[in-house]
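Below is one structure, written out as structure tokens; comments come after it.
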Amino acid sequence: MSTAGAHTQHPEHTPGASVRRTREKGEPRFPDGPKADPAGSHFERRIRSFQPRRSRVTAGQEEALQRLWPRWGFDVDGRQRLDLAEFFGNDRPVVLEIGFGMGEATARMAAADPGTNILAVDVHTPGQGHLLGLADQHGLDNVRVGNGDAIILLREMLTPDALGGLRVYFPDPWPKKRHHKRRLIQPAFLDLAAARLAPGATVHCATDWEPYAQQMLEVLTAHPGFENTVADGGFTPRPQFRPLTRFEGQGLDKGHVVNDLIFRRVPHADQPADRAGGDHGADRPEDRDAAGT
Ligand SMILES: C[S@@+](CC[C@H](N)C(=O)[O-])C[C@H]1O[C@@H](n2cnc3c(N)ncnc32)[C@H](O)[C@@H]1O
């Protein structure tokens with residue numbers, strides 16, 4: 001499948017042009033599309049693994065958001081548990097991809113494996129529009145696009161054992177030491193992931209930031225809920241089924257080394273549920289208050 005440069009274009013707009021129009025006060029940016037703050041302050045977390053950014057949305061992305069969101073998109077509002085079989089219209093295994101960026105790799109993997117459903121979540125509005133456009137263009141009915149924080153999706157909206165896999169490709173590396181707490185892959189996150197992954201499901205991570213790759217290897221190896229699929233206990237060569245991603249390409253251009261890790265969820269032992277979302281989660285109101293959020 002070729003996805004290069006693929007956008008669903010709106011006939012009245014110049015391709016690639018950003019959309020600039022004046023909205024009334026309080027008028028939503030995308031009336032039928034993703035909400036600006038889906039979970040609201042109730043689930044707002046003190047430490048987040050992403051950088052909130054104002055993003056330019058092209059005409060094609062806006063058109064895709066408006067037209068396709070009601071069909072394939074959902075807000076991560078933390079208010080209900082998702083019935084994934086109902087959501088996808090079948091009971092095929094569901095793989096969660098956290099942080100799909102512009103979604104090209106997601107679309108390619110969905111096209112190559114129609115027997116797997118992909119629950120793709122990111123906070124990046126242009127990427128959501130882009131992925132919806134790709135899904136439409138290539139008839140990918142096995143992709144759903146979530147808007148919001150993956151921690152809230154995992155913690156509040158998915159049920160135990162709901163997932164057949166988890167993909168985290170090139171998560172924000174947060175290279176400065178004082179930002180390491182923002183990294184997604186850490187013990188508390190793995191507790192939460194383990195509680196949502198069925199036995200035998202795999203966690204596949206990739207990064208071009210070597211210190212983060214080491215951290216991933218350490219915390220995944222130490223976690224009792226996972227075992228390395230690689231016999232020597234190290235990194236795995238990039239599997240053929242994972243396409244090169246946009247961020248990976250940028251890393252490779254800078255001479256970075258890319259590492260993949262694939263771990264398997266082992267048969268269940270009880271997970272310490274109270275740690276779930278921990279370092280990332282302002283679960284308690286007093287935490288939020290203390291952080292001034
Ligand atoms: C560095 S980009 C990588 C994008 C893509 N996987 C690639 O390789 O091109 C990381 C992405 O993860 C998203 N992200 C980070 N933390 C997230 C979270 N907690 N929930 C949802 N998306 C998140 C960011 O918005 C960003 O789009």
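The values are calculated or read from the model by the stated rules, or taken from the named source; none is laboratory data. The shown structure was predicted, so the numbers you read here are calculated from the model rather than taken from an experiment. Note that we place each Cβ from the backbone using ideal geometry, even for glycine, and neighbour counts take in every protein chain shown.
Count, please, the residues in region 158-185 that happen to be closer than 30 Å to Leu252 by Cα and buried (at least 20 other Cβ atoms within 10 Å of the Cβ).
11
Can you tell me which residue among Leu134, Leu119, Leu140, Leu96 is under 22 Å from Arg246 (Cα atoms), more than 12 Å from the ligand (Cβ to nearest atom) and either crowded, with 24+ Cβ neighbours inside 10 Å or among the β-branched types (Val, Ile, Thr) (or both)?
When all the criteria are applied, what remains is Leu134.
Tell me, yes or no, whether region 147-156 has at least one residue that is surrounded by fewer than 22 Cβ atoms within 10 Å (Cβ to Cβ), under 22 Å from Arg81 (Cβ atoms) and away from the ligand (no atom under 12 Å from the Cβ).
Scanning region 147-156, I find at least one residue that is surrounded by fewer than 22 Cβ atoms within 10 Å (Cβ to Cβ), under 22 Å from Arg81 (Cβ atoms) and away from the ligand (no atom under 12 Å from the Cβ), so the answer is yes.
What about Arg71, is it under 17 Å from Ala120 (Cβ atoms), more than 16 Å from the ligand (Cβ to nearest atom) and either outside any helix (DSSP H, G or I) or at pLDDT 95 or above (or both)?
Judged against the criteria, Arg71 is a match.
Looking only at region 99-113, how many residues end up being in a loop (DSSP other than H, G, I, E, B) and either more than 8 Å from the ligand (Cβ to nearest atom) or closer than 15 Å to Arg144 by Cβ (or both)?
3
Residues in region 202-210: is at least one surrounded by fewer than 21 Cβ atoms within 10 Å (Cβ to Cβ) and over 14 Å from Asp260 (Cβ atoms)?
no
Can you confirm whether region 47-60 contains a residue that is surrounded by 15 or more Cβ atoms within 10 Å (Cβ to Cβ), touching a helix residue (DSSP H, G or I) at 6+ places or on another chain (Cβ under 7 Å) and assigned to a helix (DSSP H, G or I)?
yes
Considering region 190-214 alone, what residues qualify as being of a type outside the set (A, V, I, L, M, F, W, C) and more than 30 Å from Leu82 (Cβ to Cβ)?
Across region 190-214, the qualifying residues are Asp208, Glu210, Pro211, Gln214.
Just checking: which of the helices (runs of 4 or more DSSP H) contained wholly in region 177-293 hold 2 or more residues that are at pLDDT 95 or above?
In region 177-293, 187-196, 210-222, 246-253 are the helices (runs of 4 or more DSSP H) which contain 2 or more residues that are at pLDDT 95 or above.
Among (1) closer than 17 Å to Gly101 by Cα; (2) at pLDDT below 95, there is one condition Ala39 misses while meeting the rest; what is its number?
If we test Ala39 against (1) closer than 17 Å to Gly101 by Cα; (2) at pLDDT below 95, just (1) comes out false.
For (1) under 22 Å from Val203 (Cα atoms); (2) within 11 Å of the chain's Cα centre (by Cα), each residue gets a yes or a no:
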position: Gly139; (1), (2): no, no
position: Met157; (1), (2): yes, no
position: His180; (1), (2): yes, no
position: Leu184; (1), (2): yes, yes
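For region 220-255, which positions are over 19 Å from Met109 (Cα atoms) and within 12 Å of the ligand (Cβ to nearest atom)?
Gln250, Gly251, Leu252, listed by residue number.
Give region 186-212 a look and list any residue that's within 14 Å of the ligand (Cβ to nearest atom) and farther than 21 Å from Pro267 by Cα, or say none.
Ala206, Thr207, Asp208, Trp209, Tyr212, listed by residue number.
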